[in-house]
């Protein structure tokens, strides 16, 4: 297989004051789940991809703040995909319009929201549909930002929204490839699914004194018709 330049975990450490996405299960708008893209079928070793328009990133405020960041090209998502790779790992990739490694001033966050159809008891439910829900959280703390409890650079966490617990606490990882956000995880962190659905977004946090909440702005998302979804998610 062609060598893949990906973020490798280099330091596993729980950071209690880092970005918190512990969002109650009741806030998840499951009624939109049909719009999600099925991206991973284990038996087919499949590869499905979401494409997104270029230059469609814009600030959508989630919290009131006097700091208004400038939208950068690395906030602009061009596509997202998931692949199975060696050793049964799952590779998550976002193509961006710019290099997110040059982030300097704020916290930029890239999210994968994963819906896994299930028949287990401990699940979220809507009508006759049930899901296990996880969030793959990939924050980058800018080199000149004031997030003093975190070293600058890239981090990775996996949150089980259904059970309200981190399956992978926040961990520092290496820099990203140019114009990509790319990580791999062991599928055990998302419950070893044989298939799942997803949507993705990029976000910015400018408030470095109140971290126990979602970021202050979301900037781009894919699929394109998910504006109302993300607003409802963070309501």
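The values are calculated or read from the model by the stated rules, or taken from the named source; none is laboratory data. All of these numbers come straight from a predicted model, not from anything done at the bench. Ideal geometry is used to build each Cβ from the backbone, glycine not excepted, and the neighbour counts take in all protein chains shown.
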* Asked: Which of the following residues is modelled with pLDDT under 90 and within 23 Å of residue 59 (Cβ to Cβ): 215, 139?
  -> 215
* Asked: Which is surrounded by fewer than 14 Cβ atoms within 10 Å (Cβ to Cβ) and within 14 Å of residue 98 (Cβ to Cβ), of 87, 76, 55?
  -> 55
* So which residues in region 170-204 are at pLDDT below 90, surrounded by 22 or more Cβ atoms within 10 Å (Cβ to Cβ) and either in contact with a helix residue (DSSP H, G or I) (Cβ under 9 Å, 6 or more places away or on another chain) or closer than 19 Å to residue 102 by Cα (or both), if there are any at all? -> 196, 199
* To do: Could you tell me which residue of region 143-169 is modelled with the lowest pLDDT, considering only residues that are crowded, with 19+ Cβ neighbours inside 10 Å and outside any strand (DSSP E or B)?
  => 150
* Looking at (1) in contact (Cβ under 8 Å) with a residue 60 or more places away in the chain; (2) over 23 Å from residue 217 (Cα atoms), can you tell me which one residue 53 breaks? -> (2)
* Could you grab me the full set of residues in region 54-71 that are closer than 19 Å to residue 178 by Cα and out of contact with any helix residue (DSSP H, G or I) (no Cβ under 8 Å at 6 or more places or on another chain)? => 54, 55, 71
* Tally time: how many residues in region 170-220 are part of a loop (DSSP other than H, G, I, E, B) and farther than 18 Å from residue 142 by Cα? -> 7
